[in-house]
Amino acid sequence: MKLHQRNSFFRVTTTNCLLMMLLLLILSCQRNEPVEITFAFGPDDTGAVQQLVDNFNQGHEGDIHVNWKETSRLSNEFYREIEKDFTSETPVMDVIGADVVWTSAFAQKEWVEDLSEKFYETHKTGDFLEASLNSVIHQFRIWGVPWYTDAGILYYRKDLLTANGYNKPPVTWNELKMMSKAIMQKDQAKYGFVFQGANYEGGVANACEYIWNAGGEILIGDLSANVTTDPEAEEAIIITVNSPEVVNGLREAYAIVQSGISPADVYDYKELEAVQTFEKGDAVFMRGWPGVYGRLLKDGSKVKPEQIGLAALPVSTEGNKSFSCLGGWNLMINAKSAADKKAAAWTFIEYMTAPKQQKYLSGQAGIMPSLVSLYDDEELIKKVPVISLAKGIIDNTRVRPVTAHYMEISPDIAWNFNAVLKGQLTPAEAVETIQAQMEVAMAPPL
């Protein structure tokens, strides 16, 4: 072989070897790349959720990497973001922080993965609060894992009640109005009671509580209680809005506004407006979620921890059972995600819902865990005393109407409740309207 031919041969061979080594390096890197998944959830002002995501990524470096896609803070807007993603040709959301009322719709639309087998491999049903567990069940199957929970609670100024001769919080709405007026007349508070009356999802929760605590119902039949074993069957539920009890519930809400103990514009109040009013010392009573308690412990609040009491929400008639609306979030997996992403998503969900992580989230954010065992954790209770104070209230929670049509009927309930508070509809007119709207929304297809 001539010299120039040998040199050419070696150059080609060397080039080929380098290309082969580069290809092997690329393939090796590809094999070692972590599975990337997207976690969709709303903002977290405490930073606790981001810390947990970061801790997970550090612990699974080279294996799994979670990207948090921050969504809308408002539940109904978040739902629309999920709907848009799940119905697109290229959905990106793999793990979803899902509102407790979305399970039936997600399952029926086949948007989320059936996690029953995985769930029972590592959990017992008694591990979770009963209401939280029911919120992930649809027709005998489990579609998510409870993450954290919420319940409507009556916050009250213990110091003001004691100073005015009241040794216990109100049991009925009439008692609340009487106490409020007495304290307001002495200029000890600007308002008696603040709650969430705006035209949004929080308004639905408040409306349900007024209705339930007057002895009313919205639907009879609960998909979380497995009313049918046939997944193709129509929902076995009856709309029961148009009743005297439901009218009385909305009448209680209107009477509170008309009595002057609530702000005239309470129909615009969401959680933020209510807590800002209460923490400034301007209200005797407030309907709020447990997470508000942590905010009231901070230096910016004029109301001090020793001045705050928690109680069950009032009822229309003494002797009625008090119910609170269940809030909170579950973790679910996109049914259309690739197999490796589903496996990674389950690993992430198991991490986020484990006792250590739930305890951290509760301790940092002041929210209520979904695991029963944490309600006896003395260290956590010391840090987040609302857990002990609210435990009995959480046992009496109810889920907002359980139906695959929830996102169709929810805006109607919110709008009509808001219209009653504004005086645009009478309670009876609102009830008739809601009944008719629900009948249309839930009518079987022709």
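One line per residue, one yes/no per condition, for (1) in the same structural domain as residue 209 (by TED's automatic domain parsing); (2) on the phi > 0 side of the Ramachandran plot; (3) touching a Gly at 6+ places or on another chain (Cβ under 6 Å); (4) in contact (Cβ under 8 Å) with a residue 12 or more places away in the chain:
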position: 387; (1), (2), (3), (4): no, no, no, yes
position: 393; (1), (2), (3), (4): no, no, no, yes
position: 407; (1), (2), (3), (4): yes, no, no, yes
position: 412; (1), (2), (3), (4): yes, no, no, yes
position: 429; (1), (2), (3), (4): yes, no, no, no
position: 433; (1), (2), (3), (4): yes, no, no, yes
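For the stretch 77-90, a residue qualifies if it is buried (at least 18 other Cβ atoms within 10 Å of the Cβ) and either closer than 16 Å to residue 337 by Cα or in contact with a helix residue (DSSP H, G or I) (Cβ under 9 Å, 6 or more places away or on another chain) (or both), and the qualifying residues are 79, 82, 85, 86. Pairing residues of the stretch 368-382 that are over 14 Å from residue 357 (Cα atoms) with residues that are surrounded by fewer than 20 Cβ atoms within 10 Å (Cβ to Cβ) and among the polar types (S, T, N, Q), at Cβ distances under 6 Å and at least 6 apart in sequence or on separate chains, gives 381/388.
The listed residues are 319, 309, 288, and the only one of them that is surrounded by fewer than 16 Cβ atoms within 10 Å (Cβ to Cβ) and assigned by TED's automatic domain parsing to the domain that holds residue 256 turns out to be 319. Do we find a residue being out of contact with any helix residue (DSSP H, G or I) (no Cβ under 7 Å at 6 or more places or on another chain) and part of a helix (DSSP H, G or I) anywhere in the stretch 395-408? Scanning the stretch 395-408 turns up no residue that is out of contact with any helix residue (DSSP H, G or I) (no Cβ under 7 Å at 6 or more places or on another chain) and part of a helix (DSSP H, G or I).
Where helices (runs of 4 or more DSSP H) fall entirely within the stretch 101-169, those with at least 2 residues that are over 26 Å from residue 322 (Cβ atoms) are at 103-108, 116-122. Among residues of the stretch 53-76 being at pLDDT 95 or above and in a helix (DSSP H, G or I), the one that is surrounded by the fewest Cβ atoms within 10 Å (Cβ to Cβ) is 58. Flag: residue 331 does not match the condition of being in the same structural domain as residue 205 (by TED's automatic domain parsing) and of a type in the set (A, V, I, L, M, F, W, C). The C-beta contact set for the stretch 156-173 (first residue aromatic (Phe, Trp, Tyr), second residue in a loop (DSSP other than H, G, I, E, B) and modelled with pLDDT of 95 or more, distance under 6 angstrom, 6+ apart or interchain) comprises 156/169; 173/314.
Within the stretch 332-349, can one find any residue that is assigned to a strand (DSSP E or B) and closer than 23 Å to residue 400 by Cα?
Within the stretch 332-349, the subset assigned to a strand (DSSP E or B) is 332-334.
In the following step, the residues that additionally are closer than 23 Å to residue 400 by Cα were identified as 332-333.
Scanning the stretch 332-349 turns up at least one residue that is assigned to a strand (DSSP E or B) and closer than 23 Å to residue 400 by Cα.
Any residue at all in the stretch 145-158 that's farther than 30 Å from residue 269 by Cα and surrounded by 23 or more Cβ atoms within 10 Å (Cβ to Cβ)? Yes: one or more hits. If you go through the stretch 260-279 and keep only what is surrounded by 18 or more Cβ atoms within 10 Å (Cβ to Cβ), of a type outside the set (Ser, Thr, Tyr), outside any helix (DSSP H, G or I) and in contact with a helix residue (DSSP H, G or I) (Cβ under 6 Å, 6 or more places away or on another chain), you end up with just 261. Any residue at all in the stretch 296-304 that's farther than 29 Å from residue 83 by Cβ and not in a loop (DSSP other than H, G, I, E, B)? Yes; the residues of the stretch 296-304 include at least one that is farther than 29 Å from residue 83 by Cβ and not in a loop (DSSP other than H, G, I, E, B). Only one entry of 110, 121, 130 meets the criterion of being surrounded by fewer than 15 Cβ atoms within 10 Å (Cβ to Cβ), under 25 Å from residue 52 (Cα atoms) and out of contact with any strand residue (DSSP E or B) (no Cβ under 8 Å at 6 or more places or on another chain), and that entry is 121. What are the pairs, 6+ residues apart or on separate chains, where a residue within the stretch 102-120 that is within 22 Å of residue 78 (Cβ to Cβ) has its Cβ under 7 Å from a residue that is surrounded by 17 or more Cβ atoms within 10 Å (Cβ to Cβ) and basic (Lys, Arg)? Filtered contacts from the stretch 102-120: 113/342.
The values are calculated or read from the model by the stated rules, or taken from the named source; none is laboratory data. On a predicted model such as this, the values are computed, not experimentally measured, just so you know. Positions of Cβ are backbone-derived with ideal geometry, glycine not excepted, and every protein chain shown enters the neighbour counts.
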